[in-house]
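First up is the structure itself, then whatever we jot down about it.
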Amino acid sequence: MTVHYVLGVDEVPEGGHAVVTIEGKSIGVYRINGAYYAINNYCPHQGAPMCAGLVSGTTLPSDVYEYEYGKKGEILRCPWHGWEFDIRTGKSLFSEKIWLKTFEVSVLDGRIGVQLQRT
């Protein structure tokens, strides 16, 4: 598969993202803890622009009446209906059957590359 080098590493700040278009597909490139991730900018539910959604964390499994917050900056919430996805994996937080499409990312000579084959 072809790698499309679309951004310089400095164009995506830590905790931020940029939206690019590759072969007609809108793709969000996120930087989390120094690593880059690419997702389809299209919610699998009803097609909302995912990259317009809030990036946050979530509550983790914990004891009764205890709330442990984690995955800060790793969870993307759909701007239309609030469906939540792990940016790193594309996995939804509510169903093992629903995924956000992700793409392989590589960095070469200070450029971020995205491969359109699904990871």
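With a 1.4 Å probe and all protein chains in place, put Thr89, Thr59 in order of accessible area, largest first.
Working: Thr89 65, Thr59 85 Å².
These residues rank, largest area first, as Thr59, Thr89.
Out of the stretch 27-79, which GluC sites (Glu not before Pro) are coil in DSSP terms and have no more than 12 other C-beta atoms within 10 Å?
Working: sites: Glu66, Glu68, Glu74; in loops: Glu66.
Answer by residue number: Glu66.
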With every protein chain in place, the accessible area of Leu7 for a 1.4 Å probe, in Å² rounded to the nearest 10, comes to 10 Å²
For Lys91, the lysines lying under 19 Å Cα to Cα, once residues fewer than eight places off in the same chain are dropped, come out as Lys71, Lys72, Lys101
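Hey, what's the chain come to in accessible area per residue, 1.4 Å probe, Å²?
Details: 6940 Å² over 119 residues.
I get 58 Å² per residue for the chain.
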Note, the stretch 77-86: 3J(HN,Hα) by Karplus (6.51, -1.76, 1.60, θ = phi - 60°), whole Hz, Gly/Pro = x, goes 9, 4, x, 8, 10, x, 4, 10, 9, 7
For Glu23 the rounded accessible area (nearest 10 Å², probe 1.4 Å, non-protein molecules ignored) is 140 Å²
Place a point 7 Å from the Cα of Ser26 in the direction of its beta carbon; the residues of the stretch 76-119 whose amide N falls under 16 Å from it are 77-82, 101
So, with points 7 Å from each Cα along the Cβ direction, the Ser95-Val19 label distance in nm works out to 2.4 nm
If each part is reduced to its alpha-carbon centroid, the stretch 12-47 and the stretch 66-119 end up apart, in Å, by 8 Å
Chymotrypsin sites (Phe, Trp or Tyr not before Pro) in the stretch 13-119 lying in a DSSP loop, each with at most 11 other Cβ atoms within 10 Å of its Cβ, come to Tyr65, Tyr67, Phe94
Spelling it out for Lys91: with amide H atoms placed in the peptide plane at 1.01 Å from N, the residues 5 or more places away or on another chain with amide H under 5 Å from its amide H are Asp86, Leu100
Labelled set (i) 1.08; (ii) 1.63; (iii) 1.40; Cα Rg over 2.2 N^0.38 Å computed from this model equals the value at (i)
Taking protein heavy atoms only, a 1.4 Å probe, and rounding to whole percent, the accessible area of the chain owed to carbon and sulfur comes out at 49 percent
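Once you keep just the Cα pairs under 8 angstrom separated by 6 or more residues, what percentage relative contact order results for the stretch 1-90?
Working: 148 pairs, mean separation 16.7, N = 90.
Across the stretch 1-90, relative contact order equals 19 percent.
The values are calculated or read from the model by the stated rules, or taken from the named source; none is laboratory data. On a predicted model such as this, the values are computed, not experimentally measured, just so you know. Reconstructed Cβ throughout: ideal geometry from the backbone, glycine too, with neighbour counts over all protein chains shown. Keep in mind that these areas ignore ligands, DNA and RNA; they rest on the heavy atoms of the full protein, side chains included. Shrake-Rupley method; radii C 1.70, N 1.55, O 1.52, S 1.80 Å.
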